[in-house]
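Colleague: Quick one: the structure is below, questions incoming.
The values are calculated or read from the model by the stated rules, or taken from the named source; none is laboratory data. This is a predicted model, so every value here is computed, not measured. All Cβ positions, glycine included, derive from the backbone under ideal geometry; neighbour counts span all protein chains shown. What goes into the accessible areas is simple: the full protein's heavy atoms, side chains included, and nothing from ligands, DNA or RNA. Shrake-Rupley method; radii C 1.70, N 1.55, O 1.52, S 1.80 Å.
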Amino acid sequence: MSPSVAIRVNPFKGGAGPEGTPVPWSRHGRVLAERPVFTLDPLLHAGCYYVQDSSAMYVGHIFRKALAALKAPGLRVLDLCAAPGGKTTDLAASLREALGDEFLLVANEVMRDRSRILSDNVAIWGDPNVMVTSVDPAAFAQFAGAFDIIVADVPCSGEGMFRKDPRAVEEWSEQNVQLCAARQKRILADVWPALRPGGILVYSTCTYEEAENDDNLEWMAAELGGSIIPPEDEFPQFGVRLTRCGNLLRAGEVPGEGQWVGALVKDGLAGPRPARFVTPGRADGRKARTSTPGDLLLGIRPLRYGVPSGTLKGGKLIPDPDYALSLAYKGEYPVIDLTRQQALEYLHHDPLRFPDAPRGFCCVAFEGHPLGFVNNLGNRCNTLHPLARRILMNITEA
């Protein structure tokens, strides 16, 4: 049985994207009948949807249960092992639907190369309340009790990826399972101080091994101090299994690949929140607003935090390329509506001419969804689309 393909649409960008059948545990998820060439769909580059395995969306389902239990303005969430960004964008949409603009989501990826991919995907999704960091999980221990919810989709032995990734089969061994289980314990113990008493940790892997799943959650409860949230027997008709401490999705039994998810509450009574809660920078470039009382950013340099409207150069405001993609974008630039072919040419960094459009900086859009900015000179355009995100595929037959 070949792997399925699924997407999750961005509810704050109109829910546009390929049609499909609903994912039972994700209101915005769709399982597609076939895999399109996603790279050649401008709506993907506009952040209208994210390509994500339907089983991976189950983490978002459990997160929304935690969110419902702790829902309060100013909620702080840490997505600990966040690259490439599927779960981060799911969490961001869920938080914004529940809390509006009153939340902070920190998306962390320790591997620097992967963190850059994460940062790009967060920028394209467009939520300004997402901070991207690239530090070891132990770095968060200094922010004692800073987070209400931590989502830890930890590195694992990868049995759930066997159907999709032949390398996962080659790398599997009993020894590797034990090594992964030990590493997972270290990651969880390192980040545990950052979760406030009464906060919830959502723990997930893409393996079927009890040593990495139920056993580790039970170890956390006993050794670190927590109470496992009893899993619910949901969606059995769609192949979701119940385990001692969580829910298991097996490739071949569910539409997607393998995933295991469980959750626990940290013991103790919730105390006062630590130090200042710093919210993302405003779109107009002014300083971020703060509330009291220590600084969540202390000692961590975020790769991305909020989105500036632009940069002043020679007295002229040059729009930030990601501002057009941000939910904070106010639409203050003239819009040039592109055909599909023109949109691909823009994303491919091909020369474009818009002699009838206004001169100066303009927002280019496809089907009403911003893709970025150009500086229209009349006889030619200078693109502000980041070179690192340029489409490399042949678009002549798109």
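Colleague: Take every DSSP beta bridge with both residues inside the chain and express the antiparallel ones as a percent of the total, to the nearest 5.
Modeller: Just about 65 percent of them are antiparallel.
Colleague: Taking the Cα centre of the chain as origin, sum charge times position over the Cβ atoms of Lys and Arg (+1) and Asp and Glu (-1), and report the length of that vector in debye to the nearest 20. Walk me through the intermediate numbers first.
Modeller: Working: 42 positive and 46 negative charges, 327 e Å.
With only Lys, Arg, Asp and Glu charged at Cβ, the dipole is about 1560 debye.
Colleague: Less than 11 Å Cβ to Cβ from V202, Lys/Arg counted +1 and Asp/Glu -1: what total charge do the surrounding residues give? Before the final figure, lay out each step's value.
Modeller: Values: positive: R64, K65, K87; negative: D79, D153.
Net charge around V202: +1.
Colleague: Please quote Rg/Rh for the stretch 63-130 to two decimal places, taking the Kirkwood radius as Rh and restricting both calculations to Cα atoms.
Modeller: The Rg/Rh ratio comes out at 0.97.
Colleague: Holding the Cα-Cα limit at 24 Å, pick out from K65/K87; K71/K266; K65/K330; K185/K266; K13/K313 the pairs that are longer than that.
Modeller: Over 24 Å apart, Cα to Cα: K65/K330; K13/K313.
Colleague: Taking Cα atoms of the stretch 95-162, Rg/Rh with Kirkwood Rh, to two decimals? Write out the running numbers ahead of the final one.
Modeller: Details: Rg = 13.8 Å, Rh = 13.9 Å.
A ratio of 1.00.
Colleague: OK, next. When the Kirkwood hydrodynamic radius is evaluated over all pairs of different C-alpha atoms of the stretch 33-92, what value in angstrom, to one decimal, is obtained? Kindly include the intermediate steps, with their values, before the conclusion.
Modeller: On the way: mean 1/r = 0.0746 Å⁻¹.
Computed over the stretch 33-92, the radius equals 13.4 Å.
Colleague: Further question: Is the shape of the stretch 159-265 best called rounded, prolate or oblate, per the rule: a/c under 1.5 gives rounded, else a/b larger than b/c gives prolate, else oblate, with a ≥ b ≥ c the square roots of the Cα gyration tensor eigenvalues?
Modeller: Oblate, because a/c is 1.5 or more while a/b does not exceed b/c.
Colleague: When the accessible area of the chain is computed with all protein chains present and a 1.4 Å probe, what percentage of it is carbon and sulfur?
Modeller: For the chain, the apolar C and S fraction of the accessible surface comes to 54 percent.
Colleague: Take the Cβ-Cβ distance between D337 and K313 as r, set R0 to 45 Å, and report the resulting FRET efficiency rounded to the nearest 0.05.
Modeller: Details: r = 28 Å, r/R0 = 0.61.
So the FRET efficiency works out to roughly 0.95.
Colleague: Average projected area of the Cα convex hull of the stretch 5-115, in nm²?
Modeller: Values: hull surface 28.7 nm².
Here the figure is 7.2 nm², rounded to one decimal.
Colleague: Here's another thing I want to ask about it. Output needed: percent of Cα pairs per 5 Å distance bin for the stretch 319-393, bins running from 0 to the one holding the longest distance.
Modeller: 3, 18, 30, 29, 16, 4, 0
Colleague: Run a plain Debye calculation on the chain (Cα atoms as equal point scatterers, no solvent) and give log10 I(q)/I(0) at q = 0.11, 0.13, 0.14, 0.15 Å⁻¹, rounded to two decimals, same order as the q list.
Modeller: -0.82, -1.10, -1.25, -1.39
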